[in-house]
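Throughout, read-outs are computed from the coordinates displayed, never taken from laboratory work. On a predicted model such as this, the values are computed, not experimentally measured, just so you know. Cβ sites come from the backbone with ideal geometry, for glycine too, and all protein chains shown count toward neighbours.
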Amino acid sequence: MAVTLTSIIRNDEGYTLLETLVAMALFLSVLIPFGVMIGNFILDDSASSTTAALHTAESAMSRMIVNRDFTSGTGKDDNGLIVDRKIEGTGNVRQVHILVFSQKNPKKLLLKLDKTLLVYK
């Protein structure tokens, strides 16, 4: 029985151990980062807390402008957030700083919103 090139190529007895290990390594190199990304997305709610803090800060800024209440102060929101308003300026120019903190950790700043306003009487 003569061994020819076509008989060597058509010899499909199975995969070697090396081919199996390479395939597993490629599969895991894609699967592990994807799993870590999904886990962080599900377990980490920092995006939702930042969105809630931004909504709270924008609401406080809008209420302050509409009511023309340019006084500093601190208050609590319905979402469990602490809103600190700081107003600076002289004449018609006001620097408004709205800081949003979590009630669970009041020392951790979630968001800072700054705006410069021209106030006419």
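Some notes on this structure:
- Residue 23 surrounded by 10 or more Cβ atoms within 10 Å (Cβ to Cβ) and in contact with a strand residue (DSSP E or B) (Cβ under 8 Å, 6 or more places away or on another chain): no
- Cβ-Cβ under 6 Å pairs, at least 6 apart or on other chains, the stretch 39-67 side touching a residue at least 24 places away in the same chain (Cβ under 8 Å) and hydroxyl-bearing (Ser, Thr, Tyr), far side in a helix (DSSP H, G or I) and surrounded by 10 or more Cβ atoms within 10 Å (Cβ to Cβ): none
- Tallying residues that are loosely packed, with under 11 Cβ neighbours inside 10 Å, closer than 23 Å to residue 52 by Cα and charged (D, E, K, R) within the stretch 77-121 yields 4.
- The residues on offer are 30, 66, 22, and the sole one that is closer than 30 Å to residue 121 by Cβ, assigned to a helix (DSSP H, G or I) and over 20 Å from the mean Cα position of the chain (by Cα) is 66.
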